[in-house]
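Since the structure comes first, as structure tokens, the remarks are kept for the end.
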Amino acid sequence: MDHRRISFLLAVIWTIVAVLPLFFGGTNFIMHILIMCLIWSVVASCWDLIMGFAGIFSFGQVAFFVMGSYASAIISAQFGIPPIFAVFIAGGITAGIGILVGLPCLKLKGAYIALVTFAVHMILEPVLKGEIGRAIGTGGTRGLLTIEPMTIFGYTFSTASPVPYFYLMLLVAVICSVIILVVIKSHWGTAFLALKDSQEFAACLGVSAFKYKLMVFALTSFLTGMMGGFYAHYVGMLSTRMLGIDLFVTLMVILVIGGVGKFPGAIIGAFITIAINELLSPLGPYRPITMGAMVVILVLVLPDGIVGLFERLFSKKPHDITH
Amino acid sequence: MKKALGIFLILALALMPATALWAKDTIKVGVPLAMTGPYTDTGDNYWKGIKMAIDEINTAGGLLGKQLEPIRFDTQEFAPERVMQGADYLCGQIKVDSVHAGWAGWGQDVRAYGKYTAPFFADDGSQSAVDVFKQNKEEYKNIFQLTDTGINQAQSMFNVLMALPYEYPNKKAVIITADDAWGTEVGDTLEKNFKEKGWEVAMHELVPYGTNQWGPLLTQIRRIKPAIIHVEIVSAQEVITFFRQFMKRPTDSILSYGYSLVPREVVETMGKEADGLLGEVPTAMPTPEAPTPEAQAWLDKFETIWGHLPQAGSWAAYSGVKAWAAAVEAVGDEKNHDAVSDYIATNGYKGETGWWKWDEDHVMRAGGDVPIAHYQVQNGEMVAIFTDPPTKPYKNYQFQVPRWIKQ
Amino acid sequence: MVIEIADVIISGLINGSVYALMAVGLTLIYGVSKAFNFAYGSFYSLGGYIAFLLFGLSFINNYFLVFLLAAPILLVFGFFVEKVLVAPLRKRDDWEIKVMMITLGLALFLDNSFQVIFGSRMKSLPPFLEGGFEGGNFYLSHQDVGIFFLSIGGILLFRWFLNNTRTGMSVRAVAQNPAGAQIVGIPKEFVFAATFAISTVMVGMGGILLAQKYFITPMGGWDILVKAWVITAFGGMGSIRGGLYAAFIVGMLEAFVGWYFGMTWTLIVLFAVLLTTLAVRPQGLLGKWG
Amino acid sequence: MIKLTDVNACYQDFHVLKNVSLAVEKGQIVVMLGPNGHGKSTVLKAICGLVKKVSGLIRFEGENITGLGSEKLVDMGITYIAENRELFPQMSVLENLKLGAYSRSARAFEKKNLEKVFDLFPRLRDRQSQLASTMSGGEARMLAIARGLMSNARFLAIDEPSLGLQPNLRDEVAKIIKQINGQGITLLVVEQNIPQITELADTLYVLEEGRISFEGSKEDALGNDHLKEIFLGM
């Protein structure tokens, strides 16, 4: 898709989302889900940027999210820094860790990167729960149960009336999506497409794979960590239970539904996935089964997700050139 | 199969709003429990108790003449936003008049459900939940804990270990716990107690869930030859593998499993093999013989319905529903949440074994008519041998020296 | 002290043999088809559950029969999973990500189906050997020895298959040089499916072998997946011999770290060693680029 | 025996062959010349079912084989010998040869062909258990050809057999090609560095920018100044 079409699609999506509180503003439960949708849409878009565009099989997305959330909560609690600044510092810290992880691992090949980044995810839980974690204020196995709520210009956002926070998150999500769009359509984006086609070809063009990969790693870790911060100050409590398989799978499903490498598919995917997940919840244990079956079927019949489907339906060029 | 599932799905979706519309004269009861993921089995235990109480009330004509309608919510793995979502859904959206959870998030639940007014019953058994409660007792007045904290339970375990009619060959203890809030709470309390009594805690290990190769730890245990080994990992797989590997070359140690004895699989999988293991259940119905005739009747009824003895949590969750129902009867209006909460807090509830009284932190402290029951596996079944506090032997049941101890 | 260290070494050896069996299957699929199978752990549980069902049948009373019946079931299952789910993706862009996604979906589906069908409670299988060797402070159970030899036997059998059968050789050929394999007329698609099927059998057999010691639970496969994954990367993805060495190194490492530093450290040390290895040798111990 | 009519082939979006038509008669040696990167290898690969996007008509003994996979074609007797050899590096010489006889039609002749191959390349007989990756360039080339012969092929497409060979071995390659042809195997060879092979050719084709720019006998080619200068080095 060209950037005009993506921008148009983004505008449509965000406009629709922006008017949702008119219908659901009175229902906290739904507003809460919508806020989570906004948060996941950014996290999933970042993951898509890494996996779909840069072609790096990073599995550390949830880990970076959790790091950011803990970092922001701890900074605001221990140094008295207002949450609105803490989230950015948390983003910076996460980006720093992202670079530290990226330095050794971006030299590796696909499945190895997946493993190393997933290793970060696996190690994070014992670290947060253990002595190191307790020393930096993670609350160990208990987690953090009282995190300062977000305050801007003296206004405190509370979970009891989620509509203001929804618009704050919407603003953040819009800014993030624009950043991602700029990256995709900039020199970086071109470089990644070249890298994906062929490492040698890219080398001829003078694209340093490593530098670009590290940059995208840092950027997405920053955004993901920052979203973690916003999550922490919204929900008000944290525990290592977020590192369970559930969130990881949900994000993966978002990408499947939205389409890998099909920004802004991840945003659409986030809303659809969370909605389906909620609608399926009366099924109890049949919910994850249905989810699993859905992923399998969607990957087969809708390989590029919803956006891929749109592209196929509306594109002028024939999809497949056969000779 | 897939087709059937699809039809089921559509039906479920279609019926959901429909039932909500028609069922005007029911009282909705929220039941947030783990229905998927690693905590499913504990979720089932609570559900059995809750379901039994609701059915009992409904067949007896309902509460204030209205039928109770349970609304389930899958809390999955208790991620913070999931817990919050449950509260917003049940209390905010469905507007239930009480919530019955089991393990519900170790303090996260207090914050999530404290925002609302519907009486909330949890089985967190955790000091962190109490700490959150203490921050704002007025806001959280609808929160009720059905069991005592891990600290007090561990204290009780220690009391009983010291009261056993058995002479320890030495004063060395080994503590192995899971690296979660519950495990560390119990482990730390036990260590403190052992040290105060002049014991040596020769080893205090935190292990991650999923550990099933105990070789390295057992190697050290065999060198230490402790008089007591306490294992606190509430997951059958870990504790059974530990026991089996321990039994290959046992030391002369009392094996105390604390709350980890209660996953039903432990006894069901091992049967008589598990004979000798010690454990405890807070807010428990002692088995196989209940303390009062009413309690015995309850026990029998539970066994008829579900086909096995009650597991940890079943009776507590059942009593939570009954306590709330009794308060609603007294207040006369299920919608007056504050009055119902106040009633429960001040009056308590008269259950099968006697009075339930919540303390000022809304915790059902162990003792009185509802003590912690301490069990030993004998003949392949959990047998109550002690109750605590106060520490006293239970009826005519007696501690048996485990078969692996050579004296 | 001596006995203690002997204990630790034995524990490491037994773990290592089991890990080896698990890792060989995973490294094989990756080596041959470059596909990463996220449902690998679920196949482990599947093996256990199949054995559980088979033991429920009246005419089945020993492990030999169970292995004999479970192997073809797993083989056919694995073959069809590859043919129906993985093979169609191979032609697409980003197929590696899509294979990961579809197998993750499959894992979700299988694990939760196990939970619905068999319940969330663990299932156990009868022990296949009782008793043990005893001598003073030393004890070695027959069961552990049995697991060790069956695992090693399974790997040797598999090695024999790779070196001495036509299908085995074609599997190696595709792994070493897919273009060359195509030139000599080896049907790649078939080999991909066959490897997938074989690895399913291996991990499923591992599930049966270990179920009597560690039980079967619906989500129990994830640990296995992570361990197998670490070991394959450590040994070099696609290198079977590397996987073998890595499995025993990891087994020993776990045993010694758990014994000396404590169980919570095993995972951290394991990943630290893995990261250091990959920083020095990005292709793993014996892996090759390309 | 092999007849191509208006064959087009693509790699991804890159159109490599444009309306290529050529014919190889039974028992012939046909040599294809042309600048590097203009699609000579692609012609061979297209015949042998190693290129995915092929259109046009390819016939083998009158039968339409367009779009068939390599496993079918090898079974029918059509084998490709790659310029970069494509051996199995971690396998022994013997294993490489055995895999050469993978196709169903070749299995029965495995023993017989093995003897034949060893007669043709006595060096390989001595090094049966050596790993392919440890062989010298010349030996590896021999092994690649030998592996191709193991398939019991009636038609061999040999891609630049001189690539990576020391000059003193070129004579030997030409000799072997002649011997193979002498056994009744039809050959299509891409080669321009060994004049001795061009000497053997019954027909010459020249491929430039994906099109056949010349077709004819050796003598015709010698009459063509452009060709003489550029490809035949005379």
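Residues in segment A:253-265 include none that are more than 14 Å from the chain's Cα centre (by Cα), part of a helix (DSSP H, G or I) and either more than 11 Å from chain C (Cβ to nearest Cβ) or free of Cβ contacts under 8 Å to residues at least 40 places away in the same chain (or both). Any residue at all in segment A:149-169 that's open to solvent by 10 Å² or more (accessible area, probe 1.4 Å) and under 20 Å from the mean Cα position of the chain (by Cα)? Looking through segment A:149-169, at least one residue is open to solvent by 10 Å² or more (accessible area, probe 1.4 Å) and under 20 Å from the mean Cα position of the chain (by Cα). Residue check: B:Ile228 meets all listed conditions (1) among the hydrophobic types (A, V, I, L, M, F, W, C); (2) within 11 Å of another protein chain (Cβ to nearest Cβ); (3) surrounded by 23 or more Cβ atoms within 10 Å (Cβ to Cβ); (4) in contact with a strand residue (DSSP E or B) (Cβ under 7 Å, 6 or more places away or on another chain) but one, namely (2). Of all the residues in segment B:34-48, those that are polar (S, T, N, Q), touching a residue at least 24 places away in the same chain (Cβ under 8 Å) and assigned to a helix (DSSP H, G or I) number 2. All of (1) over 21 Å from D:Gly77 (Cα atoms); (2) out of contact with any helix residue (DSSP H, G or I) (no Cβ under 8 Å at 6 or more places or on another chain) hold for D:Thr198 with one exception: (2).
One residue is enough: does segment C:109-131 have a residue meeting the conditions in contact with a helix residue (DSSP H, G or I) (Cβ under 6 Å, 6 or more places away or on another chain), within 11 Å of another protein chain (Cβ to nearest Cβ), over 21 Å from C:Phe55 (Cα atoms) and open to solvent by 50 Å² or more (accessible area, probe 1.4 Å)? For segment C:109-131, residues in contact with a helix residue (DSSP H, G or I) (Cβ under 6 Å, 6 or more places away or on another chain), within 11 Å of another protein chain (Cβ to nearest Cβ), over 21 Å from C:Phe55 (Cα atoms) and open to solvent by 50 Å² or more (accessible area, probe 1.4 Å): present. When segment B:264-281 is filtered for residues that are buried (at least 24 other Cβ atoms within 10 Å of the Cβ), within 14 Å of chain C (Cβ to nearest Cβ) and not β-branched (Val, Ile, Thr), only B:Ala274 remains. For the condition at pLDDT below 90 and open to solvent by less than 10 Å² (accessible area, probe 1.4 Å), B:Asp88 qualifies. Scan segment D:47-64 for residues that are within 11 Å of another protein chain (Cβ to nearest Cβ) and open to solvent by less than 10 Å² (accessible area, probe 1.4 Å) and the total you get is 1. The set of residues in segment B:225-254 being among the hydroxyl-bearing types (Ser, Thr, Tyr) and either under 15 Å from B:Lys171 (Cβ atoms) or in a helix (DSSP H, G or I) (or both) consists of B:Thr241, B:Thr251, B:Ser253.
Given the options B:Asn347, B:Asn336, B:Asn379, name the one that is touching a residue at least 60 places away in the same chain (Cβ under 8 Å) and open to solvent by 20 Å² or more (accessible area, probe 1.4 Å).
None of the other options fit; the residue is B:Asn379.
If you go through segment B:125-138 and keep only what is open to solvent by less than 10 Å² (accessible area, probe 1.4 Å), closer than 11 Å to B:Gly150 by Cα and either aliphatic (A, V, I, L, M) or within 11 Å of chain A (Cβ to nearest Cβ) (or both), you end up with B:Ser126, B:Ser128, B:Ala129, B:Val130. Of all the listed residues (B:Val201, B:Val174), the sole one being in contact with a strand residue (DSSP E or B) (Cβ under 9 Å, 6 or more places away or on another chain), open to solvent by 20 Å² or more (accessible area, probe 1.4 Å) and in the same structural domain as B:Met382 (by TED's automatic domain parsing) is B:Val201. Identify, please: which residue in segment B:288-299 is touching a residue at least 60 places away in the same chain (Cβ under 8 Å) and open to solvent by 10 Å² or more (accessible area, probe 1.4 Å) and is, among those, farthest from B:Val160 (Cα to Cα)? So, considering only residues that are touching a residue at least 60 places away in the same chain (Cβ under 8 Å) and open to solvent by 10 Å² or more (accessible area, probe 1.4 Å), the one farthest from B:Val160 (Cα to Cα) is B:Thr292. Residues that are touching a strand residue (DSSP E or B) at 6+ places or on another chain (Cβ under 6 Å), at pLDDT below 85 and in a helix (DSSP H, G or I) do occur in segment C:263-272. Could you please tell me which pairs satisfy a Cβ distance under 7 Å, a separation of 6+ or placement on different chains, a first residue in segment A:178-192 that is closer than 15 Å to A:Arg5 by Cα, and a second residue that is assigned to a helix (DSSP H, G or I)? Qualifying pairs under 7 Å: A:Ile180/A:Ser45; A:Ile180/A:Leu49; A:Leu181/A:His3; A:Leu181/A:Ile6; A:Leu181/A:Ser7; A:Leu181/A:Leu10; A:Ile184/A:Phe53; A:Lys185/A:His3. When restricted to residues that are farther than 17 Å from C:Phe215 by Cβ and facing chain C (nearest Cβ under 7 Å), segment B:231-247 contains 0.
A quick yes/no check of all residues on (1) facing chain B (nearest Cβ under 9 Å); (2) open to solvent by 10 Å² or more (accessible area, probe 1.4 Å):
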residue: C:Gly220; (1), (2): yes, yes
residue: C:Ala228; (1), (2): no, no
residue: C:Ile240; (1), (2): no, yes
residue: C:Tyr245; (1), (2): no, yes
residue: C:Met252; (1), (2): no, yes
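Which residue out of D:Leu17, D:Leu73, D:Leu44, D:Leu4 is within 14 Å of chain C (Cβ to nearest Cβ), farther than 22 Å from D:Arg141 by Cα and open to solvent by less than 10 Å² (accessible area, probe 1.4 Å)? Testing whether each residue is within 14 Å of chain C (Cβ to nearest Cβ), farther than 22 Å from D:Arg141 by Cα and open to solvent by less than 10 Å² (accessible area, probe 1.4 Å) leaves just D:Leu73. Considering segment C:273-290, and only residues there that are outside any helix (DSSP H, G or I) and at negative phi, the residue that is farthest from the other protein chains (Cβ to nearest Cβ) turns out to be C:Leu285.
Cβ-Cβ contacts under 9 Å between residues 6 or more apart (or on different chains), taken from a first residue in segment A:82-109 that is open to solvent by less than 70 Å² (accessible area, probe 1.4 Å) to a second residue that is charged (D, E, K, R) and not in a helix (DSSP H, G or I), are listed as A:Pro82/A:Glu148; A:Pro83/A:Glu148; A:Ala86/A:Glu148.
As a summary of the residue check, C:Phe190 satisfies the conditions (1) modelled with pLDDT of 85 or more; (2) crowded, with 19+ Cβ neighbours inside 10 Å except for the one numbered (2). One residue stands out in segment C:238-262 among those that are without any contact (Cβ under 8 Å) to a residue 40 or more places away in the chain and part of a helix (DSSP H, G or I): the one that is nearest to B:Pro216 (Cα to Cα), namely C:Gly258. Of the helices (runs of 4 or more DSSP H) lying entirely inside segment A:87-204, those carrying at least 3 residues that are within 12 Å of another protein chain (Cβ to nearest Cβ) are A:110-129, A:131-136, A:187-197. Going by what's in this entry, would B:Lys322 be described as in the same structural domain as B:Asp338 (by TED's automatic domain parsing), open to solvent by 20 Å² or more (accessible area, probe 1.4 Å) and either closer than 30 Å to C:Leu140 by Cα or touching a strand residue (DSSP E or B) at 6+ places or on another chain (Cβ under 8 Å) (or both)? So B:Lys322 fits the description; yes. Residues that are of a type outside the set (A, V, I, L, M, F, W, C) and more than 15 Å from the chain's Cα centre (by Cα) within segment A:16-41 comprise A:Pro21, A:Gly25, A:Gly26, A:Thr27, A:Asn28, A:His32, listed in sequence order.
The values are calculated or read from the model by the stated rules, or taken from the named source; none is laboratory data. All values derive from a computational prediction rather than experimental measurement. Counting neighbours? That spans all protein chains shown, and the Cβs are built from the backbone with ideal geometry, glycine included. Areas reflect the complete protein model, heavy atoms only, side chains present, ligands, DNA and RNA absent. Shrake-Rupley method; radii C 1.70, N 1.55, O 1.52, S 1.80 Å.
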